[in-house]
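This report refers to the structure that appears directly beneath it.
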Amino acid sequence: MEHAISTDPPANIKVVLDLAPKCQLSDELLQHISIITPNKTEAEMITGVMIIDDAPLEKAAHALHDKGIETRIITLGSKGAVILHNNICTRVEAPKVNALNTTAAGYVFNGALVVSLSAGNDVKTATELARRSAAVFVTRMGAQTSAPSS
């Protein structure tokens, strides 16, 4: 993974990183990331900022920017996500659902995010679609069989 990320991609290629399972990455490697999508726990680990409310959440997002990552999307499960892009902080609410199983919801979020970005959507629109996709996913049992396909 580190070799693939640290190899300079063509200018029109963005590197999107989902930290799951949580792991420590070097600041040098993080400079090659275009978009990072940690959950609260992963954001705390990589930034050292304990997230207890919105103020430290924004501080953690800024800390990721200081590591060279332009777009930060910190996912918060049922509380939605926070996007920090172009120095604008935006909260995306999660749909209210009866969650049965959250295993692999982050993978569904990231898959939908990348598909939406690839279709030309902006970061906020792509994040909203990703949150809706993950919300549908958690209402079903079975990690593989529950993933939305369209």
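The values are calculated or read from the model by the stated rules, or taken from the named source; none is laboratory data. These numbers were taken from a predicted model, which means no experiment stands behind them. Methodologically, a virtual Cβ is constructed for each residue, glycine included, from the backbone with ideal geometry; neighbour enumeration extends over all protein chains shown. Note: accessible area is taken over every heavy atom of the protein model, side chains too, but ligands, DNA and RNA are not part of it. Shrake-Rupley method; radii C 1.70, N 1.55, O 1.52, S 1.80 Å.
A few remarks follow.
- Most positive-pole-ward Cα, H65, H32, G80, against dipole of the chain from beta carbon charges: G80
- Cα centre as origin, Lys/Arg/Asp/Glu Cβ charges: segment 10-150 dipole, Debye: 460 debye
- Protection proxy ranking of 70-81, 51-62, 125-136, 86-97 - average other beta-carbon atoms within 10 Å, highest first: 125-136, 70-81, 51-62, 86-97
- Accessible surface, per residue, of the chain when the full set of protein chains is kept, probe 1.4 Å, Å²: 55 Å²
- Distance from the Cα centroid of segment 45-101 to that of segment 105-128 is 15 Å (rounded to whole angstrom).
- Checking the cross-link pairs K79/K124; K40/K124; K14/K79; K40/K96 against a 25 Å limit on the alpha carbon distance flags K14/K79 as lying beyond it.
- Which labelled figure in (1) 8.7; (2) 14.5; (3) 12.3 is mean projected area of the Cα convex hull in nm², once derived from the coordinates: (1)
- Take the Cβ atoms of M50 and S118, set R0 to 35 Å, and the FRET efficiency comes out at 0.55.
- Accessible area of the chain belonging to carbon and sulfur atoms, whole % at 1.4 Å probe: 54 percent
- Among beta bridges identified by DSSP and lying wholly in the chain, the antiparallel ones come to about 65 percent.
- Over the chain, DSSP H runs of length four or greater, each weighted -39,500 (n - 2.57), average out per residue to a 222 nm ellipticity of -11500 deg cm²/dmol.
- Volume in Å³ per residue [convex hull over Cα atoms, computed for segment 53-111]: 99 Å³
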